[in-house]
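Written below as structure tokens is the structure these notes are about.
The values are calculated or read from the model by the stated rules, or taken from the named source; none is laboratory data. Note that the coordinates shown come from a computational prediction; the quantities given were computed from them, not determined experimentally. Cβ coordinates were reconstructed from backbone atoms using ideal geometry, including for glycine residues, and neighbour counts include every protein chain displayed.
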Amino acid sequence: MDTVLSVIHWLTNPAHWSGSDGIPTRFVEHIELSGESVLIGAAIALPIGIVLGHFGRFGALAMNVSNVGRAIPSIALLVLAFQIFGLGNVPIIIALTALAIPPMVTNSYVAMREVDPDIKEAARGMGFREPAQIWRVELPLAVPLVMAGIRTSAVQVVATATLAALIAGGGFGRYIIDGFGQQDYTKLVAGGVLVALLALATEAALSGLERVLVPRGIRLLRVPATKQVVFKTA
Amino acid sequence: MNWRARSAFLATVLAFAMTAVACGSSPSSGGAGSTPKGSITLAGFNFTEGSVLAELYGQALEHDGYSVQYKLNLGNREVVSKAIESGSIDLYIGYAATDLEFYNKGAGEATGDAAANTAKLNGHLQSLNLQALNPAAAVDQNAFAMTKANAQKYNATKLSDLAAVGNQLVLGGPPECATRPFCKPGLEQTYGIHFKDFKSLDPDGPLTRAALANNSIQLGLVFSSDGDLNSLGLTVLQDDKHLESADNVVPIIRSAVVTDEVKKVLNAVSAGVTTNDLIDMNNQAGPQHMDPDAVAAAYLQKHNYFS
């Protein structure tokens, strides 16, 4: 109970809400590092997953390569990238991007594969060209799974961005590493709480985005099963 | 998995486990069977300077006719102190302030005076049947380094020069530097340096060096006997108001082993070795990857300990 109280005191202390080590500064740093990593990761992973999923080729290769990526410890990549690129945000973003890619490749590949072949054929029959078929028919149907991949990546990246502090980076990880070094365990726990809250907020925000992006027609498909049956028999 | 595959898998796992156990418990070579006279077991800490110092004092004893068993890289102070208290080693080369604060359990007695630190250390060692001999002039303690370019720009040779320009400087060090009296708070109180910012890095490691090199910090915490500072274009500012406690090199030995002759040999080494000597030797043994025993032998040869 004492720990909880001291953490609450720490978090509500005005001194911790200003300056270069204040919560707002660390929040912006954390969002910047994770946001850039997820965006770069998405720019690499989504086209690969979507195109391979559409053609249904090299799926095993893409999945295996990205799963090997999952097996590489982020901390090893971080330290290695630091040796090459030196101090700054570049090594951090490299390590986090590598972490962000696998779930997005896997999910978007599966999402495109799962699109009903009848629908694809109907689209072709109606005269859709390949790009239009991907963009206007398959992708809208694939959105829920693709977004689930982005969400998984983003939450992982936000939680792992704490490692940045190990190589002198910013973000909420600073409180964890500094709290450990200074034997200030209140600070350490407060840092952990902030990271957890940010990860949950990320999850919630991306769920909201998903709701906006999923076309209305597909949302109708997700109504309770009894009604769906009525739909199909009608 | 079928039965055969599974048993093969289990056998492999078991083999690994047994290898790991075997590696973990290599039989300790018995150092206890040393003869009362003439044989001394000497331990070194688990960093380069620890090996250099152990070889330095050890070879001086060997030259005098003692048989010396080396246990280099034995561990940190927690391990080495246990070993000497239990009598499995006879001697290690410690540091006056750090060892004082270790044996007094962090009571904060250490000052900038090496002789006083050693005297107080001896007070704590007595009940353990240990004693500290004369401290050397060589010091390995916290120091603050700047790039030579910045030192020129701010016209700084000593820490008190920085009081006027502190608001332009970012200090870098391990996270605990922000709260420990020997570091940022000490620089503020003793020297009146109020930094623009503080950056959490590492204790005298690659992050601090990288941050100094790209000027994201202007002053960094290092150790005074680091061998690579000069080649990195770094200069240590003089601690002219004695913020840091004097961490002079000092041999710590079991009272059961110490004789006048042993004392004489060890004190003679301590009387000669300076911080610059230590920097040179650390540079050869560290960045230049020479063997610590060769480095120590060359030093003793050059300074006529072998004649």
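Here are a few things to note about the model shown:
- Here B:G166 meets each of (1) closer than 30 Å to A:I176 by Cα; (2) away from chain A (no Cβ under 14 Å); (3) buried (at least 23 other Cβ atoms within 10 Å of the Cβ) with one exception, condition (3).
- For the residues A:I150, A:I119, the requirement of being among the hydrophobic types (A, V, I, L, M, F, W, C) and surrounded by 20 or more Cβ atoms within 10 Å (Cβ to Cβ) singles out A:I150.
- B:I193 without any contact (Cβ under 8 Å) to a residue 60 or more places away in the chain, closer than 21 Å to A:F82 by Cα and out of contact with any Phe, Trp or Tyr (no Cβ under 8 Å at 6 or more places or on another chain): no
- Condition broken by B:T208, with the remaining ones in (1) more than 22 Å from A:A164 (Cβ to Cβ); (2) out of contact with any Lys or Arg (no Cβ under 6 Å at 6 or more places or on another chain); (3) β-branched (V, I, T); (4) not in a loop (DSSP other than H, G, I, E, B) satisfied: (1)
- When restricted to residues that are part of a helix (DSSP H, G or I) and within 13 Å of another protein chain (Cβ to nearest Cβ), segment A:159-184 contains 13.
- Unique residue being within 14 Å of another protein chain (Cβ to nearest Cβ) and modelled with pLDDT under 95 when the list is B:A210, B:A246: B:A210
- Contact map, segment A:212-227: first residue under 12 Å from A:V143 (Cβ atoms), second residue modelled with pLDDT of 60 or more and surrounded by 10 or more Cβ atoms within 10 Å (Cβ to Cβ), Cβ cut-off under 7 Å, separation 6 or more or different chains; pairs are A:L213/A:V143; A:L213/A:M147; A:V214/A:V143; A:V214/A:P144; A:P215/A:P140; A:I218/A:P140; A:I218/A:L141.
- Residues satisfying the stated conditions in segment A:73-87, i.e. within 21 Å of B:T208 (Cβ to Cβ) and either in contact (Cβ under 8 Å) with a residue 12 or more places away in the chain or of a type in the set (S, T, Y) (or both): A:I75, A:L78, A:V79, A:A81, A:F82, A:L87
- Residue list for segment A:17-76, restricted to those being aliphatic (A, V, I, L, M) and more than 21 Å from A:A161 (Cβ to Cβ): A:I48, A:I50, A:V51, A:L52, A:A60, A:L61, A:A62, A:M63, A:V65, A:V68
- Only residues that are farther than 14 Å from B:N230 by Cα, of a type in the set (S, T, Y) and either in a strand (DSSP E or B) or over 28 Å from the mean Cα position of the chain (by Cα) (or both) were counted across segment B:144-158, and they come to 1.
- Looking only at residues in segment B:191-203 that are buried (at least 19 other Cβ atoms within 10 Å of the Cβ) and more than 12 Å from chain A (Cβ to nearest Cβ), the one that is nearest to the chain's Cα centre (by Cα) is B:Y191.
- On the stretch given as segment B:227-246, residues that are among the polar types (S, T, N, Q), part of a loop (DSSP other than H, G, I, E, B) and surrounded by fewer than 16 Cβ atoms within 10 Å (Cβ to Cβ) total 2.
- Contacts under 9 angstrom Cβ, first residue in segment B:260-276 being assigned to a helix (DSSP H, G or I) and at pLDDT 95 or above, partner surrounded by 20 or more Cβ atoms within 10 Å (Cβ to Cβ) and among the polar types (S, T, N, Q), 6 or more apart: B:S270/B:N248
- Residues of segment A:64-94 classified as closer than 14 Å to A:I44 by Cα and out of contact with any Asp or Glu (no Cβ under 8 Å at 6 or more places or on another chain), total: 4
- Per the conditions (1) surrounded by 18 or more Cβ atoms within 10 Å (Cβ to Cβ); (2) over 14 Å from A:I218 (Cα atoms), the sole criterion not satisfied by A:F128 is (1).
- All positions within segment A:185-194 that are away from every other protein chain (no Cβ under 14 Å) and surrounded by 20 or more Cβ atoms within 10 Å (Cβ to Cβ): A:A190, A:L194
- Residue match in segment A:45-58 (condition: crowded, with 19+ Cβ neighbours inside 10 Å and either of a type in the set (K, R) or at pLDDT below 90 (or both)): no
- Once segment B:172-190 is narrowed to residues that are hydrophobic (A, V, I, L, M, F, W, C) and out of contact with any helix residue (DSSP H, G or I) (no Cβ under 6 Å at 6 or more places or on another chain), the residue that is farthest from the other protein chains (Cβ to nearest Cβ) is B:L187.
- Residue check: B:S224 meets all listed conditions (1) buried (at least 22 other Cβ atoms within 10 Å of the Cβ); (2) away from chain A (no Cβ under 14 Å) but one, namely (1).
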